[in-house]
Amino acid sequence: MMPLETQILPARRKSAQNLIFLLLCGGFVVNGIVITFIGPMIPVLKAKWLLNDGQAGLFSLVQFSASLSGVLISSALISAKGFKPAITLGLSMMGIGFGLLNAPTFLLAVVASGIYGLGYGLVTPGTNLWVGESYGERRATALNIMNLAWGAGAISSSPLAMLTVRTAHVSLLLYTVATICVLLAIALLRMPFGKPPREEESPSLELQGNVPGLGLAVMLGILFFVYVGTENGTSYWAAEHARRAAAWSTNTFTLAPMLFFAGLLGRRGAAAAVRLRLREVHVAVGGILLAAAGLSIFLVAHSPSALFAGALLAGLGLASVYPIYIAWLSEWFGARARKVGGVMFALAAGGASTMPTLVGVVSRYSSSLRIGLLVPLVGCAVMLAVIALLRPQTRN
């Protein structure tokens, strides 16, 4: 018979792991609210400070350029100190920056977006990598659940923006979400993260010459860069494009990003329930094709219902793609995923800052936001080409 302590310790570790997972899910809910809130607010902010499309794109450029710095800092912190410092510091900075977003001047608001962007860059890679390492063969399902939590936050940001603007309670929302961020950071600071369990790096891989190389890392990096850029480029400008493309009696055009994130949320829930490990590549390719179809509808639509339908389809298509990329990262690189993951999430942040800004620049110089939104559509084509070169079905 095993000693009682031997039986109790694994149960305690499992209980602590599950509690950390739940707290991190809560962190991803507020993460989704914070990082997507600017999108539905763009029409309001443009009117407040008389901004053109190029200037409005600065919020995306600053918050995700700052997140790139956060990713690089996160990588160093995780390597030196583990996951806890990066995640808790990131949540705290997200709260501080978001609380300061309703600043009296455009410059201060942009600085606030940089602060919470830095926090986003700290917390997101650590959370995804901790889940990827801690859940072994269940990583794809666990990552889908985690990203489902993010989607729940993102989908709520549009109605929250609409309601708080109508009732003049924007500051109250900002302070409430900021407080939740700080409380989650405090709770996680008290949790025993320990060293996450990981599958042993198989020595046979090196003997067989199957260790992932630079070429694989480059192509996977392109997928991270383009996917996040495509998602952000679409969601960031969805409300403004909807406002211009149809006639509206109220500010319900701000709900366009909500429909996009509703698609992300719904399909990630289904993907989490059905374990699609053996056909991940088919799910990814099919999703990208569906996203391209949804984006095409969104671009040519001139009625609220068609605009919302296109946004929903685009979200449904992209829903399962990013969790699959993260699962491939953990599966293909094993023990090196922490180091390689820092580069991947840095590239993702680069895509998030570059592509929405590029949409704004193209829109300004072409005098058409519809033309600017061709940028994420091209992103779908790039992802399909890279996946064809990667041939993931031969690596799983």
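The values are calculated or read from the model by the stated rules, or taken from the named source; none is laboratory data. These figures come from a predicted structure and were not determined experimentally. Here the Cβ is made from the backbone with ideal geometry for all residues, glycine too, and neighbour counts use every protein chain on show. The accessibility values were calculated without ligands, DNA or RNA, using every heavy atom of the protein model including side chains. Shrake-Rupley method; radii C 1.70, N 1.55, O 1.52, S 1.80 Å.
Data overview
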quantity: Label point distance in nm, LEU183-SER303, each placed 7 Å from Cα along Cα→Cβ; calculated: 4.4 nm
quantity: HN-Hα J in Hz across the stretch 70-79 - Karplus 6.51, -1.76, 1.60, θ = phi - 60°, x for Gly and Pro; calculated: x, 4, 5, 5, 4, 4, 5, 5, 5, 5
quantity: Point-to-point label distance, ALA381-ALA293, nm (Cα→Cβ direction, 7 Å offset); calculated: 1.9 nm
quantity: For the stretch 57-66, Karplus couplings with θ = phi - 60° (6.51, -1.76, 1.60), whole Hz, Gly/Pro x; calculated: x, 5, 4, 5, 4, 6, 5, 8, 5, 5
quantity: Residue-normalised accessible area of the chain, expressed per residue, 1.4 Å probe, Å²; calculated: 41 Å²
quantity: Protein accessible area in the chain, 1.4 Å probe - carbon and sulfur %; calculated: 69 percent
quantity: Crossing angle, helix 280-300 versus the chain [Cα axis fit, 0-90 degrees, rounded to tens]; calculated: 10 degrees
quantity: Of (1) 5, 21, 28, 22, 15, 7, 2, 0, 0; (2) 4, 17, 20, 21, 18, 11, 5, 2, 1, 0; (3) 5, 24, 34, 24, 9, 3, 1, 0, the label for P(r) over Cα pairs in 10 Å bins from 0, in percent derived from the coordinates; calculated: (3)
quantity: Exposure rank, largest accessible area first [ILE326, ILE145, ILE186; 1.4 Å]; calculated: ILE186, ILE145, ILE326
quantity: Distance in nm between pseudo-label sites at ARG391 and LEU374 (7 Å out along the Cβ direction from Cα); calculated: 3.4 nm
quantity: Per-selection metrics, the stretch 44-167 (Cα): Rg and Dmax in Å; calculated: 16.4, 51
quantity: FRET efficiency estimate (nearest 0.05) - Cβ-Cβ, SER69 to THR176, R0 22 angstrom; calculated: 0.25
quantity: Between the stretch 50-124 and the stretch 289-311, the Cα center-to-center distance that results, in Å; calculated: 30 Å
quantity: Linear extension gain, VAL285 paired with SER367, 0.36 nm per residue minus alpha-carbon span; calculated: 26.3 nm
quantity: Within the chain, helix-based [θ] at 222 nm, where runs of 4 or more DSSP H residues each add -39,500 (n - 2.57), nearest 500; calculated: -28000 deg cm²/dmol
